[in-house]
């Protein structure tokens, strides 16, 4: 790896990324909660835009973890955790695929559908619960490797 990484750098980076994802997730939840009056079409367009932002950040964050060396660093420090890291990587692939599928569902929803808002909320909530689960697994890994909690579930 080009740059020197120490525990503090890694912890700070993961925590920053975690915070950013939380902010973007909050924005997505806000878009979902908006009432939008009778105009379901513009509500759906707004939710799609918000979800696209979320998905882009999720992919960026996963790339940082896999290419940016966090997971390699974990394995280097704790070779006994290679299985857990593989599990996380599979989770990454699943989340990226799921985010694409969810975006597809959101874009296919139309204001003529029965309860498009309810359907949109359900699609997004399923995605977010997958991300929450992943964050918890990742947090356990952080605690195991660095004795440091990145603050999931506050």
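The values are calculated or read from the model by the stated rules, or taken from the named source; none is laboratory data. The model shown is predicted, which means the values in this text are computed figures rather than measured ones. So basically every Cβ, Gly included, is an ideal-geometry build from the backbone, and we count neighbours across all protein chains shown.
Among helices (runs of 4 or more DSSP H) entirely within the range 1-79, having at least 2 residues that are more than 16 Å from the chain's Cα centre (by Cα) and closer than 30 Å to residue 111 by Cα singles out 7-33, 40-67.
Restricting attention to the range 96-115 and to residues that are surrounded by 13 or more Cβ atoms within 10 Å (Cβ to Cβ) and assigned to a loop (DSSP other than H, G, I, E, B), the residue that is nearest to the chain's Cα centre (by Cα) turns out to be 109.
Being at pLDDT 90 or above, out of contact with any strand residue (DSSP E or B) (no Cβ under 8 Å at 6 or more places or on another chain) and surrounded by fewer than 17 Cβ atoms within 10 Å (Cβ to Cβ) is the requirement here; does residue 125 meet it? Answer is yes for this residue.
Residues in the range 17-37 that are buried (at least 17 other Cβ atoms within 10 Å of the Cβ) and closer than 14 Å to residue 50 by Cα: 21, 24, 25, 28, 31, 32.
Among the residues examined, residue 83 qualifies as over 20 Å from residue 20 (Cβ atoms) and without any contact (Cβ under 8 Å) to a residue 40 or more places away in the chain.
Could you grab me the full set of residues in the range 46-64 that are within 18 Å of residue 11 (Cα to Cα) and without any contact (Cβ under 8 Å) to a residue 40 or more places away in the chain? Across the range 46-64, the qualifying residues are 60, 62, 63.
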